[in-house]
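Worksheet: one structure, shown below.
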Amino acid sequence: MKVTDWARLAVAWATVALFLLISPDWLSGSGGPAVSALVFFWLLGVTVWSAFGGVHAAEEMAERLGEPLGTLVLTLSIVIIEVALISAVMLGAKAAPTLGRDTMFAVLMIVLNGVVGLGLLLGGLRHKQQFFNLQGASAYLAVIIPLAMIALLLPNFTVSTEGGTLSTAQAVFFSLFTVLLYGIFLVLQTGRHKDFFVEPGESATAGPVDPPPLPSLARNVVLLLAGILPIVILSKSLAAILHYGIGAVGAPPALGGVIIAIVVFMPEGISALRAVSANELQRAVNLCLGAVASTLGLTVPAVLAIGLITGQTVTLGLDPINMVLLTTTLILSTLTFSGSRTTTLEGAVHLVMFFVFVVLIFSP
């Protein structure tokens, strides 16, 4: 293990020990704005650094396991972090009924418009045209579109409850349907349709030609868990100071979901951009669309389950402005991935939608 890996783990676990002993009052602004800002940026830095360490371990596992299993391991690792952060806020002292919705929506906008747009723009400038497996992208979108509609649009039109919420029966059944659909997709992605998720012209295998050495694979698993666990443990402290900071500066509540989405998906987004730069567009498609599908497939049931168990109100339905943004993004994504090649034009269009999303956060 490299020195940087040891240093990353040492700092992360030392921070965990410190914040398990620290008084909760320090996380609610009792130390003053300067102390709160220092605590926030320290927690943020440790969280991002640990996330990069976990993602690096997952990337090494991806190389050893082959596609699409490797990318799937990376994607699921990231979603575990996201669910932990959202759960920490929801289980905190103050209710956050819209946090799950805001985070999921932010993930969709950041990934489908920000990362995809920047990736296609840079890839087009460097490689002119890039190719991907159309069947794989179509399979992702076939899952993403109904899951997004069920989670973020449909609650606004049900009549059993008001305000973008779901009744108990709707929450239970919609969660089951979501998990079932995502589970079927995973079975097909890792089974009979693995060839959909590899570079065009290549054939998927269960793993590399030479099986990975067991000690090496076990080392990556340990590093992955050691990198993720501090984030999960520190998520409650980060959520508390984040909630205080947003309230103190008078920022829009939706900014909390955006910050969580950025923290969680920054390492994966960088991995996707690296893949595009290396002319491995299919891997970037797997990372981006896979992240969105897993977010909807796993975060929605988790958020609804926490709401049902704790009795909290969970608001999922988007406001009219964001409904327009989501619908436009899904249509645009369908058009972008309707062919087997991309250019800079698609990237520019997606980036424009991302900038519109950013402006509307602060000026709805």
Requested in this report: Kindly indicate which of Leu147, Leu99 is surrounded by 18 or more Cβ atoms within 10 Å (Cβ to Cβ) and at pLDDT 90 or above.
Outcome: Leu147
Report task. Give me a count of the residues in segment 227-269 that are closer than 17 Å to Ala12 by Cβ and within 16 Å of the chain's Cα centre (by Cα). Result -> 8
Report task. Would you tally the residues in segment 350-364 being of a type outside the set (S, T, N, Q) and not in a helix (DSSP H, G or I)? Result -> 1
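Name the one entry in Ala272, Ala348, Ala284, Ala305 that is surrounded by fewer than 16 Cβ atoms within 10 Å (Cβ to Cβ), within 24 Å of Ile80 (Cα to Cα) and either touching a Cys at 6+ places or on another chain (Cβ under 8 Å) or of a type in the set (A, V, I, L, M, F, W, C) (or both). Spell out how you get there, then give the answer.
Numbers: Ala272 fails: surrounded by fewer than 16 Cβ atoms within 10 Å (Cβ to Cβ); Ala348 fails: within 24 Å of Ile80 (Cα to Cα); Ala284 fails: surrounded by fewer than 16 Cβ atoms within 10 Å (Cβ to Cβ).
Just a single option satisfies the conditions, and that option is Ala305.
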Report task. Looking only at segment 189-206, decide whether some residue is within 22 Å of Ala302 (Cβ to Cβ), modelled with pLDDT under 95 and of a type outside the set (Val, Ile, Thr). Result -> yes
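Looking only at helices (runs of 4 or more DSSP H) that lie completely in segment 97-176, which have at least 3 residues being aliphatic (A, V, I, L, M) and under 18 Å from the mean Cα position of the chain (by Cα)? Spell out how you get there, then give the answer.
Working: elements: 99-109, 116-127, 134-148.
In segment 97-176, the matching helices (runs of 4 or more DSSP H) lie at 99-109, 134-148.
The values are calculated or read from the model by the stated rules, or taken from the named source; none is laboratory data. Computed from a prediction, not measured in an experiment: that's the story for all the values here. Positions of Cβ are generated from backbone atoms using ideal geometry, with glycine treated the same way; all protein chains shown enter the neighbour counts.
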